[in-house]
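First comes the structure, then the notes that go with it.
Laboratory data are not the source of any read-out in this text; all were calculated from the coordinates shown. Everything numeric here is computed off the predicted structure, so don't read it as measured data. Reconstructed Cβ throughout: ideal geometry from the backbone, glycine too, with neighbour counts over all protein chains shown.
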Amino acid sequence: MSADVAPVHVLILGGTTEARRLAEALAGAGVGSAPDARPADSPVPAPSAVPSAAPSAAPEAIRYRVTTSLAGRVAAPVLPPGETRIGGFGGPSGLAAWITTHRVTHLVDATHPFAERMSFNASEAAALSGIPLLALRRPGWTPEPGDDWTFVDSLEEAAGRLPGLGTRAFLTTGRMGLHTFAGLTDTWFLVRSVDPPAPPVPPRLEVLLARGPFTLDDERELLARHRIDVLVTKDSGGSATAPKLTAAREAGIPVVVVRRPPVPAGVAETGSVEAVRTWLRTSR
Ligand code: NAP
């Protein structure tokens, strides 16, 4: 590689399926020299509109260095291809310092739609370090005919609405916010998470340790076996619908859906890995 060209170093803020898919897609694009990389001292364009994801017939010219960052919440994470680092950066300034030290050229915020703090940090750090940022977010869910969904803005609001909707709740909002439901003594909860939750937790609770994806048959069986009469979920999104939502519709079970927070102001957003690759080719 010539000494005066900077390789394209993509930092993916991960912990999601989308982040993994992006790392896999970029790893598949190869490693090594970057024949059309921008000169090391050339300015980096500011974040702008996301280019269309029209696939190109031309072979991938850029070769990427890819680092995925994980928060370290899961005890045994499934690591994506490429380089990985684990643990917080120490706020926006820490992330900006990491970006500078490791010569990151592009930042992709592929964290979960509810990882609001990290998305804010990413926005601040990109501005501080002067590199482009793109948010990769799976699309949210929308109700279909037959769905009985109640939208709320927070876990606190979900906890407030729950007693009026059912007595045996399947809580799929993750183990971190479980304390929010700890005061609901009359509701029985089934909680599914990868790692065990820490107290405080609701007093009437069964924990199911499991890692998705789950099939429609899995979800049907779970709802029936535990006589679930209300489902609580974040609008995590993903495929057009989720098996748990389909199973709830089939069983006529109401669903409490926690709305996702918006991406920080001024940050461009896409739902497509291919659009990120297009952005990487054009934002240099
Ligand atoms: P958060 O509240 O937005 O972030 C809290 C702090 O965790 C951040 O300030 C940052 O610490 C650190 N952090 C978060 N994501 C990180 C990453 N990818 N790499 C390095 N540090 C990270 O985040 P959260 O909601 O706790 O989610 C943590 C992780 O779990 C995220 O990676 C997210 O994609 C994943 N996840 C979250 C959910 C959810 O429902 N929230 C669901 C599935 C997966 P510093 O300030 O020290 O840098």
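For trypsin sites (Lys or Arg not before Pro), the sites in the range 155-227 that DSSP calls loop and that have at most 13 other Cβ atoms within 10 Å are 211, 227.
Each of 230, 166, 69 was scored by the projection of its Cα onto the charge dipole of the chain, and the greatest displacement toward the positive side belongs to 69; charges sit on the C-beta of Lys, Arg, Asp and Glu.
Using the Cβ-Cβ distance between residue 209 and residue 274 with R0 set to 35 Å, the FRET efficiency works out to roughly 0.55. Taking the C-alpha atoms only, the angle from helix 216-225 to the longest principal axis of the chain is near 30 degrees.
In the elastic network of the chain, a GNM with C-alpha springs shorter than 10 Å, the most mobile of 237, 271, 177 is 177. With all pairs of separate Cα atoms included, the chain yields a Kirkwood hydrodynamic radius of 20.5 Å. The amide H of residue 141, built 1.01 Å from its N in the peptide plane, has 237 as neighbours under 5 Å, considering only residues 5 or more places off or on other chains.
What percent does the relative contact order of the chain come to when contacts are Cα pairs within less than 8 Å and at least six residues apart? Worked out over the chain, it gives 23 percent. Can you tally the net charge around residue 231? Count Lys and Arg as +1, Asp and Glu as -1, for every other residue whose Cβ sits under 13 Å from the Cβ of residue 231. That works out to +2.
Taking amide H atoms as placed 1.01 Å from N in the peptide plane, the amide H of residue 150 lies under 5 Å from those of 255, 256, 257, each 5 or more residues away in sequence or on another chain.
Measuring nothing but how far apart in sequence close Cα pairs (under 8 Å, 6+ apart) lie, relative to its length, the range 149-258 scores a relative contact order of 33 percent. A cut-off under 14 angstrom between Cβ atoms defines the neighbours of residue 11, and their net charge, with Lys, Arg +1 and Asp, Glu -1, is +1. Result for the chain in a Gaussian network model with C-alpha springs under 10 Å: among 213, 132, 113, the largest mean-square fluctuation is at 213. Here the sum of -39500 (n - 2.57) over DSSP H runs of 4 or more residues, divided by the residues of the chain, equals -7500 deg cm²/dmol at 222 nm, to the nearest 500. Overall, the anisotropy analysis places the range 149-258 in the rounded class: the square-rooted eigenvalues a ≥ b ≥ c of its C-alpha gyration tensor yield a/c less than 1.5. Based on the alpha-carbon gyration tensor of the range 138-178 and its eigenvalue square roots a ≥ b ≥ c, which shape applies: rounded if a/c is under 1.5, prolate if not and a/b is larger than b/c, or oblate? The shape class here is oblate.
Could you tell me how many degrees, from 0 to 90 and to the nearest 10, lie between the Cα long axis of helix 17-28 and the main elongation axis, the longest principal axis, of the Cα atoms of the chain? For 17-28 against the chain, the angle is about 30 degrees. The simple Förster model, with R0 at 25 Å and r as the Cβ-Cβ distance, assigns residue 73 and residue 157 a FRET efficiency of 0.60.
Give me the angle, in degrees from 0 to 90, between the Cα long axis of helix 273-282 and the longest principal axis of the Cα atoms of the chain, rounded to the nearest 10. Rounded to the nearest ten degrees, it is 20.
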